[in-house]
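All of the numbers you see were taken from the coordinates with simple rules; none came from a lab. Keep in mind it's a predicted model, so treat the numbers as computed, not measured. Neighbour counts run over all protein chains shown; Cβ positions are idealised from the backbone, glycine included.
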Amino acid sequence: MQVPIHVVVLAAGKGTRMRTDLPKVLHRAAGRTLIDWVLEAVSTVEPARTVVVVGHGAEAVAATLPPGVDVCLQEPQLGTGHAVQAALATLDGIAPDDTVIVCYGDGPLILPALVSGLAGRSPGEAVRMVTVDVADPGGYGRILRDGAGSVVGVVEERDASPDQLALTEINTGLYAFRAGDLIEAIGRVEAANAQGEHYLTDVVRILAAGGKTVTTMDADPVEVAGINSHDQLASAESVLRQRINACLMEAGVWMQDPGRTYVDAGVEVEAGARLYAGVHLEGATAVAADAEVGPDTLVRDGRIGRGAHVWYSVVRGAEIGEEAEVGPFASLRPGTVVGRRAKVGTFVETKATTLAEGAKAPHLSYLGDATVGRGANIGAGTITCNYDGYDKHRTVIGDGAFIGSDTMLVAPVTIGERAVTGAGSVITEDVEDGALAVERSPQNQVPGYADRRAARRRVEEADQST
Amino acid sequence: MQVPIHVVVLAAGKGTRMRTDLPKVLHRAAGRTLIDWVLEAVSTVEPARTVVVVGHGAEAVAATLPPGVDVCLQEPQLGTGHAVQAALATLDGIAPDDTVIVCYGDGPLILPALVSGLAGRSPGEAVRMVTVDVADPGGYGRILRDGAGSVVGVVEERDASPDQLALTEINTGLYAFRAGDLIEAIGRVEAANAQGEHYLTDVVRILAAGGKTVTTMDADPVEVAGINSHDQLASAESVLRQRINACLMEAGVWMQDPGRTYVDAGVEVEAGARLYAGVHLEGATAVAADAEVGPDTLVRDGRIGRGAHVWYSVVRGAEIGEEAEVGPFASLRPGTVVGRRAKVGTFVETKATTLAEGAKAPHLSYLGDATVGRGANIGAGTITCNYDGYDKHRTVIGDGAFIGSDTMLVAPVTIGERAVTGAGSVITEDVEDGALAVERSPQNQVPGYADRRAARRRVEEADQST
Amino acid sequence: MQVPIHVVVLAAGKGTRMRTDLPKVLHRAAGRTLIDWVLEAVSTVEPARTVVVVGHGAEAVAATLPPGVDVCLQEPQLGTGHAVQAALATLDGIAPDDTVIVCYGDGPLILPALVSGLAGRSPGEAVRMVTVDVADPGGYGRILRDGAGSVVGVVEERDASPDQLALTEINTGLYAFRAGDLIEAIGRVEAANAQGEHYLTDVVRILAAGGKTVTTMDADPVEVAGINSHDQLASAESVLRQRINACLMEAGVWMQDPGRTYVDAGVEVEAGARLYAGVHLEGATAVAADAEVGPDTLVRDGRIGRGAHVWYSVVRGAEIGEEAEVGPFASLRPGTVVGRRAKVGTFVETKATTLAEGAKAPHLSYLGDATVGRGANIGAGTITCNYDGYDKHRTVIGDGAFIGSDTMLVAPVTIGERAVTGAGSVITEDVEDGALAVERSPQNQVPGYADRRAARRRVEEADQST
């Protein structure tokens, strides 16, 4: 049986190169904060406790964490060793044979398999640590080994001799400690420099010097990279995107250009769905089989039904039915429900509006706070005047109604089933089922007016130019 | 003189990892099905006959094939050897010295030069086969050679010994056989496994064992890759895109970002045209010199004239004249003809509509089933009310007409040359040349109304809050 | 002290493979011409004089050059040696110990450090030249060295022996000469071929043969690449984009996908700004901290205020205030000023229009030549009818006004403060402060009309089908 696991996530890094006030681990990639990615990976080993050590912004970080994860404020920040000590102080009920996994909150690319590898520390190992061999070790701590190949310590770059600088095996900061050994050794770490900082790497040296077993495991360098700049954040986002998209494609999703398809973690896309280039699927979004999305479309918290077609559009908080059509150039805002085979066409915006099966709003309309009946047709230029400057009111349009072009529906107002409104009408009164409602004046014609005006204009211009 | 060539395209693969019902070879990349790409490559050697062997969906596949290409249903599917036998049975009039080229329908990246290389089989070669040397041969059949370097057979991965697994020269499944040798050997292929499948690779072994000449030719591994997943399909699309775009750039087309420019095979773009990022050119589309398209624009079956500018728009089945301007945010639907120096501007949709030279529809309009005369100006918000709920009707606007903003043109209706309509008018009757037509009521003003209403509202709110 | 530096930029190449009439060095990448990029790099060494030698299109090139840079027409074009001679003839006041830097106008990727390296020529060096070692030297002149490793000349590919072709150190065409040595040697260059062309590379041979010191310096092959095709132009644009974006990210700008973010040289983006995929920032554009731009947005000569949000929009010559919202699907044209916390929403176009603080135009509007007061609300479908077919006129809307949906504001017209217009009104007369203005007829209802029409239609269709 596996021993209980405790996880310490170090998240005190300031992220100076990000040049923002946001705590570094709260920057987002592919729809999640960096720390969320780390916590999701470590959660797969079912830790008894998980503690995130933050240096500043503890409240902001705490507000984003899932239940069961604690935050511990490290103040002042006296190094990684000090941070782990602070975390250990909050981990009550820890037994000497338990495992303490230490990892970094700014390393969103870590995968469950690597965490499992750490969790697989055998009872005899005082520490199992992840190291990687890289072509350019600049900036990282180097792993020191004795003649027999056993790890004897880690030397930080600034303290390394020329020979040590040439070493290419680097420390990743990922460890699984035997709790008893960690607690004992960390108490013996001394301030490493004038600022009084204590480094966790010293624990490795102390354990090795004390004859304890220090083992290493390998990893993909990509997986253990930390984020310290926007450049690195963009690279991490790109890796996450590749992973998410590879998963979706393996599950049967077609992508025209996976490198240009931006799908948040957690979005569901069924086999047979088709995503064109420039698609963004965010938040709690789901796309059903045979739906076609894009090019150049954003869906946030939307549900796209089977066989629906949504392109060159922005969809937020909306539900799009089977075989419905949306776009090009539509904006669906929260509370929109587009029925089966219904259509929200070109230059149409909807908000808190339901279109029943087969209803169509093909062009240049604004439908807000409206209910549109089955098979109703909304003429181009129709607007629900839902706002009177003080309140919003609802418009109800019956099944099979035909709203003429440029109809203003001054809410609250109800248009009956099968009713028709004349083009250009302002409808302020309810319209009965099957009735025609028109608001219009007679058309007047002034023969020759335009020609006379043009002639006058020509004379004026001639006068002005003389 | 070259001997007659017969081509057998193996297309029975189920494409299980695609997770769709569509026959695998009917998936599309860069505007063509996979099998179309293969057939186009093999057509360059002018085969006497081409037979596509399909395992299921024969009718669906047959429906997409060009004239002169036959489909042969392999049912049940008993291996590649069995598939070739089925194909040979349909190839009447085949002479022993003819060449039979065998290739795969899911390998869209094959280029004519490779097919020519196969077609160049010399009379003494019983089979010329394409092999490639790869770093990771996993999953592929390995080429077995004797001490003298002659091919003696192909071993499938599952049957390979550890030594054979270490071989890195793999079989691509591309062959040119001497017909007589193929026919004789294939009759001797035995069921390779419990399922009773016959493998074409056995023919190689039989020919070699019989002292026939087996030669190999090399190829770019990219070119011979088969498509078995959406991931591989996306990669193939990317390679095809690079090839198409490299051709266009060599021909003088400027591309801001070739990796983000999606041009179907067969689209014509003239030297001097400029394509910005996010452009999709599909189907029977042509773009003339000095035209500028994009960013973020789709043209399907459209013709863009010399010097025209089309951006942030969707164009389908439309013709855009020289130096015309379209967009940003326009949707041109089938039957649209935009004349020389005409303009279809922002938030304008057209369908079955002709704008003559110099006509302008700059903003927020829907023009359907309309003819717009030379130099006519369509005010913002103009809508052709072409649909009465039953039929579509035409609108005719004369040369030099000036349609006021928000004019509803209730079709069928004709606006004369140089005629003017007043803003906000619903025009139901024809308007004479040079006339002014207005449909409008007098403007009424209620002084202080808004202020009194606001005051009342403030009182109500105060009441409610007490 | 550094000796005076004179720069000769060779820009006579025809760029045949570009297949356009535009002089090659006037093609653009990342917002600048190729020659501009070169001139910017060389300007960092503060040359006394800079001369650009062009072969054709001298006037077109000259028109784009910054002050202090001269153009010299080489006609006929008799080789690079001849071009440098032509340039020297225009460089009066040149002293023998001065440095003459020669570089190419089609090499936009050169960086200041490389130019500085050339400018660092020591007095004893007759020429310091840039060479690079490449895997595939095809097409380039090879550097010839003697047994001691000293450069003795450059051999063009077509004149090279098989042994020389195998050399991988190539000439980049970048040199810093001691002026006196250059002038003397170039006079001794002889026509290299039947066309009477003189090659600058001969100068190297002459100097070496004369016992002068010829030194070389290394460079990144990417940096010294010339542009001869659209493919190479696209690659150069991609490199420039990476450089610009790396700079911005280092300065604290977030980018969702740097490979899809198109920022011209010279655009300013503050730390904390967020750029989504598909953003184009062009010309004199500035984006303030915490602003969010994109996806799929173009800003040309625009200023985006702190905390503003602009997405799926096109912005040209506009100023967007702090915390303002623009889009999705808005087009802001020149002269637009969007105030603090103001909104230009979906399917809204503006031109020469100011929206004061908190004013909102959320949907489907065209605002041209308008002034919108603080907190005013513009209803959906509102249009400023600013053009009467002859002139443009202004619309003034007062603070707190409420413009009803589909209001036509026939300019010149003024809507008072807090005034209200009724939906669907055509407003031709000014409206007082606090007043309500309506232009409307009574609504008429014809009960059963629609049902009777449908019944009639059914009868007709039945008749037709019999």
* Nearest-ten-degree value, helix C:230-250 long axis tilted from longest Cα axis of chain C -> 70 degrees
* Structure fact -> For chain B, whose charge dipole is built from +1 on Lys and Arg Cβ atoms and -1 on Asp and Glu Cβ atoms, the candidate among B:V38, B:Q242, B:A411 with its Cα farthest towards the positive end is B:A411
* Between C:R457 and A:Q2, what is the FRET efficiency for a Förster distance of 60 Å, r being their Cβ-Cβ separation, to the nearest 0.05? -> 0.20
* Toward the positive end of the charge dipole of the protein assembly as shown, about the Cα centre and with charges on Cβ (Lys, Arg +1; Asp, Glu -1), which of A:A225, A:Y312, C:V132 goes farthest? -> A:Y312
* Would you mind classifying the protein assembly as shown by shape? Square roots of the alpha carbon gyration tensor eigenvalues, ordered a ≥ b ≥ c; an a/c under 1.5 is rounded, otherwise it is prolate if a/b is larger than b/c and oblate if not. => rounded
* Between A:E75 and the same site in the other copies, what are the distances in nm, shortest first, taking label points 7 Å from Cα along the C-beta direction? -> 7.6, 7.6
* Asked: What's the local net charge at C:T90, with K and R +1, D and E -1, over the other residues with C-beta under 15 Å away?
  -> -3
* **By average C-beta atoms within 10 angstrom, highest first, the peptides B:138-144, C:174-180, A:402-408** => A:402-408, C:174-180, B:138-144
* Asked: Residue farthest toward the positive end of the dipole of the protein assembly as shown, with Cβ of Lys/Arg at +1 and Asp/Glu at -1: which of C:V279, B:I427, A:T50?
  -> B:I427
* Asked: Which whole number gives the average count of other chain Cβ atoms within 10 Å of the Cβ atoms across peptide B:245-257?
  -> 5
* Tell me the distances, shortest first, between B:D97 and the same position across the other copies, using label points 7 Å along Cα→Cβ, in nm to one decimal. => 8.4, 8.4
* Structure fact -> Here, A:D430 and C:A166, labelled 7 Å along Cα→Cβ, have an inter-label distance in nm of 9.7 nm
* To do: Pull out a ≥ b ≥ c, the square roots of the eigenvalues of the alpha-carbon gyration tensor of chain A, then state rounded if a/c is under 1.5, prolate if not and a/b is larger than b/c, and oblate in the remaining case.
  => prolate
* Note down the net charge around A:A219, summing +1 for each Lys or Arg and -1 for each Asp or Glu among other residues with Cβ under 13 Å from its Cβ. => -4
* For the protein assembly as shown, give the magnitude of the charge dipole about the Cα centre (Cβ charges: +1 Lys/Arg, -1 Asp/Glu; no others), in debye to the nearest 20. => 1940 debye
* Asked: Hey, got the dipole for chain A? About the Cα centre, +1 on K and R Cβ, -1 on D and E Cβ, debye to the nearest 20?
  -> 940 debye
* To do: Run the dipole for the range A:320-371 about the Cα centre, Lys and Arg Cβ at +1, Asp and Glu Cβ at -1, nothing else charged, and hand back the magnitude in debye, nearest 20.
  => 60 debye
* Asked: Which of C:T99, C:T33, B:T20 comes first, and how do the rest follow, when ranked by fewest Cβ neighbours within 10 Å?
  -> B:T20, C:T33, C:T99
* Sort the following peptides by mean Cβ neighbour count (other Cβ atoms within 10 Å, averaged over residues), highest first: C:370-383, B:68-81, B:44-57. => C:370-383, B:44-57, B:68-81
* Asked: With axes computed from alpha carbons, what is the tilt in degrees of helix B:80-90 against the longest principal axis of chain B, rounded to the nearest 10 within 0 to 90?
  -> 80 degrees
* Qualifying aspartates and glutamates (Cα of each under 13 Å from Cα of A:K212; at least 8 residues distant if same chain) -> A:E125, A:D181, A:E184
* Asked: Among C:309-318, A:161-170, C:250-259, what's the highest-first ranking by average C-beta atoms within 10 angstrom per residue?
  -> C:309-318, C:250-259, A:161-170
* Asked: Mind checking which lysines have their C-alpha under 16 Å from B:K24, skipping anything on the same chain fewer than 8 residues away?
  -> B:K14
* To do: Once the label point is placed 7 Å from Cα along Cβ, list for C:H56 the distances to the corresponding points in the other copies, in nm, shortest first.
  => 6.2, 6.2
* What is the helix-to-structure angle for A:449-465, meaning the angle in degrees between its Cα long axis and the longest Cα principal axis of chain A, kept from 0 to 90 and rounded to the nearest 10? -> 70 degrees
* Asked: Once you sort the root eigenvalues of the Cα gyration tensor of the range C:237-303 as a ≥ b ≥ c, which label holds: rounded (a/c under 1.5), prolate (a/b larger than b/c) or oblate (the other case)?
  -> rounded
